[in-house]
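The values are calculated or read from the model by the stated rules, or taken from the named source; none is laboratory data. Here the structure is a predicted model, which means the values were calculated and not measured. Quick reminder, even Gly has a Cβ in these numbers, built from the backbone with ideal geometry, and neighbours come from all protein chains shown. Note: accessible area is taken over every heavy atom of the protein model, side chains too, but ligands, DNA and RNA are not part of it. Shrake-Rupley method; radii C 1.70, N 1.55, O 1.52, S 1.80 Å.
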Amino acid sequence: MNERPAEGRAGYGVPLQAGVGGWSVPDDVAATGFPHPAGPVDASGAAEPWLEPVPMGDNNHKGDFGEQFVRALATAANLNVSSSRDRLGVDWELTYPGRGGTRKYPQIQAQVKCWNRPADGGSSWRYPLRVHNYNLLSGRDFYIPRFLFLVVVPEDSGEWVEATHEGLLLRHAAYWACFHDHQNTDRPKESRLTVSVPKANLLTTETLHGLFGPEFREKLGVS
């Protein structure tokens, strides 16, 4: 169906076809379905970019991408996903929408780190975690099991995502580690502690479900 757009909104919504219905469509609109976002024209007559460049691959961008990577996996696993203010060392709270043993709706909590310069330790990733964050994951004095989710990405942020007609590819992968068997450390909280994240602990929809198992709750002494 061909629809003439409302005045002032040409190019948005239904793709336009030039020469249809007795009205004309600019070449850039006919080719793409929406107008090219050109900005003001400079002294030479060339259009300046409408959007100013934004930093790509900085820590904020990397952190957001890592969290959304995990959220995509958790959503694909049909888990309830809730965000946290992160002041308690938690980025996502995940809830299983069913029964776990004799209880309904078991939960786990995750701290997400995104890493674009991975140190390969053979069968494990060797990640330099801040002591402050480590102490919010280690030990057994929690009600809800906690995990570190490490998202490993390419160094070039342009390679993090590839979108085609066949699908959406996110690179590279996420891994999990649990430190409830480890004690807190009294090292300065801003210092770094290298932790081991096994490569065998690949985060998938199936392994996400496995993290709701009783063995992690038993570490905390809760049923």
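Quick notes on this one:
- Count - residues of the stretch 107-162 that are within 21 Å of R192 (Cβ to Cβ) and either in a strand (DSSP E or B) or among the basic types (K, R) (or both): 22
- Positions within the stretch 72-119 being more than 22 Å from L168 (Cα to Cα) and hydroxyl-bearing (S, T, Y), in sequence order: S82, S83, S84, T95, Y96, T102, Y105
- Restricting attention to the stretch 96-106, the residues that are in contact with a strand residue (DSSP E or B) (Cβ under 9 Å, 6 or more places away or on another chain) and part of a strand (DSSP E or B) total 0.
- Selection status of H182, over 19 Å from the mean Cα position of the chain (by Cα), within 21 Å of G210 (Cβ to Cβ) and assigned to a loop (DSSP other than H, G, I, E, B): yes
- Residues of the stretch 141-199 satisfying the condition of being out of contact with any His (no Cβ under 8 Å at 6 or more places or on another chain), free of Cβ contacts under 8 Å to residues at least 40 places away in the same chain, of a type in the set (A, V, I, L, M, F, W, C) and farther than 22 Å from L220 by Cβ: V161, A163, L168, L169, A173
- Count of the stretch 55-95 residues which are in a helix (DSSP H, G or I), out of contact with any Ser or Thr (no Cβ under 7 Å at 6 or more places or on another chain), open to solvent by 70 Å² or more (accessible area, probe 1.4 Å) and farther than 15 Å from K113 by Cα: 1
- Residues located in the stretch 185-222, provided they are aliphatic (A, V, I, L, M), surrounded by 13 or more Cβ atoms within 10 Å (Cβ to Cβ) and in a strand (DSSP E or B): L193, V195, V197
- Taken over the stretch 98-124, the criterion of being open to solvent by less than 30 Å² (accessible area, probe 1.4 Å) and under 19 Å from the mean Cα position of the chain (by Cα) is satisfied by I108, Q109, A110, Q111, V112, C114, W115, N116.
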